[in-house]
1. Restricting the search to the range 311-338, which residues are touching a helix residue (DSSP H, G or I) at 6+ places or on another chain (Cβ under 8 Å) and either at positive phi or part of a strand (DSSP E or B) (or both)?
2. Which of the residues belonging to the range 160-187 are among the hydrophobic types (A, V, I, L, M, F, W, C), in a loop (DSSP other than H, G, I, E, B) and open to solvent by less than 30 Å² (accessible area, probe 1.4 Å)?
3. Where in the range 233-301 are there strands (runs of 3 or more DSSP E), lying wholly inside it, with at least 1 residues that are closer than 23 Å to Thr203 by Cβ and of a type outside the set (Phe, Trp, Tyr)?
4. Looking at the range 377-433, which of the residues that are part of a loop (DSSP other than H, G, I, E, B) and of a type in the set (D, E, K, R) is modelled with the highest pLDDT?
5. Six or more apart or on different chains, Cβ under 6 Å: which pairs go from a residue in the range 283-305 that's within 22 Å of Thr335 (Cβ to Cβ) to one that's among the hydroxyl-bearing types (Ser, Thr, Tyr) and open to solvent by less than 40 Å² (accessible area, probe 1.4 Å)? Could you list them?
6. Pull up the range 140-158, narrow it to residues that are under 17 Å from Val171 (Cβ atoms) and within 27 Å of the chain's Cα centre (by Cα), then point me to the one that is modelled with the lowest pLDDT.
7. So, in the range 260-280, exactly how many residues are touching a helix residue (DSSP H, G or I) at 6+ places or on another chain (Cβ under 9 Å), open to solvent by 20 Å² or more (accessible area, probe 1.4 Å) and not acidic (Asp, Glu)?
8. Since Ala207 meets every condition but one in (1) in a helix (DSSP H, G or I); (2) open to solvent by less than 40 Å² (accessible area, probe 1.4 Å), which condition does it not meet?
Amino acid sequence: LQRLAQGGGSGCVVGAMASTPRQPSVKRRKRETMRLAQALIRQGRTLSRRGTGVAAERTRSQESESTKPSRASKRRRSEVNGGSIDNASLGCGLELLVPDAVVSPESFLGQLGCVHEQVRTSLGQPLNAHILSYLGGQAFAASSRAALRWACVGGRRVVRRLDDGRGPPYVPLERVAVNLVDIVNLGRDGREELAARVKVILTCRRATVLLAAYSGLTGLAEELTLGGGLLPCLSLRTVRFRECGLMAADLAHLLRCAPQLETLVLHGEELEGLAEALQEANLLPTALRSLSLTSCHLSASDVSELCGLCPRLERMHCQSMDLSGLEMPLMKSLTSLSNLDCCLSRTDVMGLMASCKKLETLELCGNPLGMIPASHGTESDGNDATVWPAMLHLRRADFRLCELTSDDEEELRACLPESVSLETRTRLAVGGGGARKKGSPGGDGNHVLFESSSDSDD
């Protein structure tokens with residue numbers, strides 16, 4: 001139960017509560033409240049294991065054998081439940097605290113009332129909002145008026161995911177506890193005006209995930225302000241945009257307003273001139289750990305400037321862009337790099353490998369790496385610029401459709417560890433001497449099917 005107050009995971013917290021014996025406490029009110037919370041969590045686990053059919057049938061059989069309830073009891077039941085309701089329609093399980101016992105809806109809702117919004121966790125979150133995630137979402141709140149009142153904080157509904165991709169009618173923000181919204185989803189059929197969409201983002205500024213697909217956000221930099229030159233401080237950690245008309249200035253402004261951003265996924269955005277926009281924004285180093293750019297019309301200088309602001313970057317994915325001449329800064333934390341169909345030359349790739357020594361996964365499928373410019377054949381200090389850099393931490397490399405000959409593949413294989421899994425156009429070489437010969441299934445191929453990023457963006 002203490003782990004629940006600290007904001008632990010749902011599964012382990014519930015299990016800990018169900019099995020941990022009650023401990024005596026000095027303050028009686030706190031002890032009673034936490035004891036009721038423990039019983040409530042136990043009741044919320046019944047639906048996933050046994051359902052409510054047996055309990056409801058048992059309740060109906062006992063009611064048929066018992067005497068007819070009085071008018072006062074009917075009136076109290078109506079006031080508590082907000083209408084006629086039985087165990088089967090509560091929307092969550094009523095676990096039996098004692099075997100072969102029956103928990104009535106009145107007692108269950110009475111226990112819910114004791115775990116109210118004034119009791120808070122160590123993170124400052126109301127305890128009823130924290131427990132609501134264990135009771136099956138919003139279906140429980142629709143079971144009765146009393147349950148609806150319990151699922152509110154300050155008279156506003158507790159909504160974890162605010163979906164603004166449907167409508168009209170749209171979600172009324174004045175009736176939602178916006179400080180408890182975790183995910184904001186903007187879609188094609190959402191609010192029509194840009195100011196209305198930005199208002200959703202500003203109102204739910206404590207949300208950690210922002211998803212937008214086919215939602216017009218052109219001009220976001222002009223609307224995402226508090227007025228008077230003040231910028232909002234968003235709590236976003238994950239942002240995914242798909243064909244929202246985002247411009248370079250809009251992205252730079254969003255990075256300023258979300259200093260805790262860790263994951264950024266962009267697909268089909270118009271981000272030409274991002275380097276200049278980032279320089280004008282005068283951004284500090286970001287906390288980005290994962291970056292994915294697909295068909296965003298970026299140049300090599302744009303990507304280099306963005307990577308320079310991401311010293312903690314661990315995973316990077318670029319696809320379907322012209323990044324010829326790319327010069328990456330020194331990336332000490334980067335472990336996974338994927339540049340698919342980015343028009344990179346062998347010289348560009350050698351520079352990438354030299355700048356990212358801790359890479360464990362390298363995917364360069366679809367880049368023309370067969371030709372070497374004559375001007376890059378020999379360096380002035382005498383070192384051969386055509387030798388592949390040694391990658392001691394590499395575990396998987398994908399060089400399919402890179403126009404490499406058999407000799408090139410042998411040279412590449414010599415600079416990689418023996419345990420690396422190397423995929424090439426002519427063969428699939430595996431650590432330990434196993435190799436597929438040319439012409440075998442999975443060896444030669446005229447087409448490469450790239451893994452779609454739609455699953456991760458939606």
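1. Met316, Cys318, Gly325, Leu337
2. If the condition is that a residue be among the hydrophobic types (A, V, I, L, M, F, W, C), in a loop (DSSP other than H, G, I, E, B) and open to solvent by less than 30 Å² (accessible area, probe 1.4 Å), then Ala177, Val181 are the ones that fit.
3. 238-242, 263-267
4. Restricting attention to the range 377-433, the residues satisfying the condition of being part of a loop (DSSP other than H, G, I, E, B) are 377, 379-383, 385-395, 400-405, 415-420, 425-427, 430-433.
Those still in the list that are of a type in the set (D, E, K, R) too: 379, 381, 395, 400, 403, 418, 425, 427.
Working: Glu379: 44, Asp381: 41, Arg395: 94, Arg400: 91, Glu403: 87, Glu418: 88, Arg425: 65, Arg427: 42.
Per the stated criteria, the residue is Arg395.
5. From the range 283-305, the pairs are Ser290/Thr263; Thr294/Ser453.
6. In this case the residue turns out to be Ala141.
7. Just the residues of the range 260-280 that are touching a helix residue (DSSP H, G or I) at 6+ places or on another chain (Cβ under 9 Å), to begin with: 261, 264-267, 269-280.
Imposing the further condition that a residue be open to solvent by 20 Å² or more (accessible area, probe 1.4 Å) reduces the set to 267, 270, 272-273, 276, 279-280.
Those still in the list that are not acidic (Asp, Glu) too: 267, 273, 279.
Result for the range 260-280: 3.
8. Result: Ala207 fails condition (1) only.
The values are calculated or read from the model by the stated rules, or taken from the named source; none is laboratory data. Computed from a predicted model, the values in this text were never measured in an experiment. Using ideal geometry, Cβ is built from the backbone for each residue, glycine included, and neighbour counts are taken over all protein chains shown. Just the protein is used for accessible areas: all its heavy atoms, side chains included, with ligands, DNA and RNA removed. Shrake-Rupley method; radii C 1.70, N 1.55, O 1.52, S 1.80 Å.
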